[in-house]
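Some notes on the structure that comes next.
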């Protein structure tokens, strides 16, 4: 299996709670960058970074335009902007029209990441109430990346992962605890996808 170089999480309704069960347990020296694209209101724009950072060892940053991407960081897509990745592994923020009623849009971010990292992407789609992320996950899968959806029984809103499962077969369907275990296996060099 091709070595993976980046993880992207997508989510909507209920996904903040799931991320709170995963991110605090990821070690500070995690070997890959992690990008998080979740639907959220502009009013919580500046609270999220501090909320996560207060509970996490790994560095949590809200993306700024032209920010370079590094391993050992969790990058939060800011509310109100599409998140894109440039060929030089810097972020670009885009204020164009909403896609599927969302900005940031998960499909847009996933496709942008695949265009740069190709088969070296791990896509994880969490609970959510619409179908954003389904096309992005298929894009990751078609490029040879690794795809994981949150299991129905562990999702408060299964519409989002189910929409992805309807158009592609994810490599794994996992609970939040199993997703965390998978991520920890990467940091412990036990995941065959990352060495």
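Remarks
- Inter-centroid distance (Cα atoms) of the stretch 80-105 relative to the stretch 133-162, Å: 19 Å
- Calculated mean residue ellipticity at 222 nm for the chain: -8000 deg cm²/dmol, from DSSP H runs with n ≥ 4 weighted as -39500 (n - 2.57), summed, divided by the residue count and rounded to 500.
- Look at 81, 139 and count the other Cβ atoms within 10 Å of each Cβ; fewest to most, that gives 81, 139.
- Label-to-label distance, nm, for residues given as residue 86 and residue 178 (7 Å Cα→Cβ offset): 4.0 nm
- Descending by average beta-carbon neighbour count within 10 Å, the peptides 106-119, 20-33 line up as 106-119, 20-33, the highest first.
- Secondary structure note: in the chain, about 20% of the DSSP beta bridges are antiparallel.
- Between residue 95 and residue 169, the C-beta separation translates, for a Förster distance of 45 Å, into a calculated FRET efficiency of about 0.80.
- Relative contact order for the stretch 6-189: 23 percent, from Cα pairs under 8 Å spaced at least 6 residues apart, divided by residue count.
- By average C-beta atoms within 10 angstrom, highest first, the peptides 147-157, 63-73: 147-157, 63-73
Each reported figure results from applying straightforward, stated rules to the coordinates on display, with no laboratory input. All of these numbers come straight from a predicted model, not from anything done at the bench. Virtual Cβ from ideal backbone geometry, glycine too; neighbours counted across all protein chains shown.
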